[in-house]
Amino acid sequence: MARYDFRTPRIYLEDPLAAGAEVALGRDQANHLINVLRRKPGDAVLLFNGRDGEWLATLTGPAKWASAVIERRTREQPAPGDLHFLFAPLKHARLDYLVQKAVELGASRLQPVITRHTQVTRVNLERMRANVIEAAQQCGVLALPEVAEPVALTDLVEGGEAGRLLVFCDEDAEVKDPVAALAALRPATGGLPLAVLVGPEGGFAEEERALLLKHPRTLRLALGPRILRADTAGVAALALMQAVLGDWREG
């Protein structure tokens, strides 16, 4: 595992990053660095944009128009992961938590899915993106997941996820040992891209279960002996996928 520098503040920028370039910081970024963290010109900061790796830079200028001069790359941009996280939207605070944990756990795409029992149908995508950036800044993540527009479950199953192994988490599933079920699939996946789906608090409707089981590569499983809230289930499902089929394994 790469060693991260967690003592130096990390800032996400849209700008291209290269040695010798000077980049301007936004007002909120400058305020956070100088007024909250008490950094001053000459102090170090780490910059990343999700494309060019991580770069060490030096702060310059006063707070109102702070900028940074880039010195050298500290980490190369990693190869992007390929784990889609599909979830029924939640209310603000719990959705914030879920998005941040999905970033930390290596999801490459965050896809809100509207089901029959979804309680929240309007999703603030800008807020989701802000939570993605915040989690990446705090946890040393360089590859930011895509934040997708909400999609109906029927459109999802019949469209973009057809080429993936789709694991959908359902407390009524007969498969009660999720680790064993996923491990049994490991020889057959052969690098097949993965997607994990977590439903709403009210669970899936019967016709939705039937639709999901028609997907050509589907595994329906329960997440152990206890009923989990939707945000907890999302974290558990992602951790399970990464541990058994994903990048938590060596080789």
Segment 128-166 residues near the modelled Thr218 label - backbone nitrogen below 15 Å, point 7 Å along Cα→Cβ: 153-166
Projected label distance in nm at Ala19 and Ala44, using a 7 Å step from Cα toward the beta-carbon: 1.6
Long-range amide H partners of Glu201 with built H, under 5 Å: Gln119
Inter-probe distance in nm under a simple model that places probes 7 Å from Cα toward Cβ, at His117 and Arg72: 5.6
Selection from Ala19, Gly234, His117 lying farthest towards where the dipole of the chain points positive, charges on Cβ: Ala19
Charge dipole magnitude, Cβ of K and R +1, D and E -1 - the chain, Cα centre, debye nearest 20: 660
Helix-only mean residue ellipticity at 222 nm for the chain, each DSSP H run of n ≥ 4 adding -39500 (n - 2.57), per residue, nearest 500: -9000 deg cm²/dmol
Segment 156-236, relative contact order in percent, only Cα pairs under 8 angstrom and at least six apart counted: 50
Using θ = phi - 60° and Karplus 6.51 cos²θ - 1.76 cosθ + 1.60, couplings along segment 22-33 (whole Hz; Gly, Pro as x): 10, 10, 7, 9, x, 4, 5, 5, 5, 4, 5, 5
For segment 83-244: relative contact order, % (alpha-carbon pairs under 8 angstrom, 6 or more apart): 31
Sites Arg27 and Ala243 - FRET efficiency at Förster radius 51 Å, r taken between beta-carbons, to 0.05: 0.80
Among [x] 83, 44, 28; [y] 56, 46, 28; [z] 61, 40, 32, the entry that matches Cα extents along the principal axes in Å as calculated here: [z]
R0 of 30 Å, Cβ-Cβ distance Asn124-Ala205: FRET efficiency to nearest 0.05: 0.70
Nearest-0.05 FRET efficiency for Thr60 and His92, computed from C-beta distance (R0 30 Å): 0.25
Amide hydrogen neighbours beyond the local backbone of Glu146, cut-off 5 Å, H modeled: Arg109, Leu110
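Read-outs throughout are calculated quantities, based only on the coordinates presented, and are distinct from any laboratory measurement. Not measured: the values here are computed from a predicted model. For neighbour counting, all protein chains shown are included, and Cβ atoms are generated from backbone atoms with ideal geometry for every residue, glycine included.
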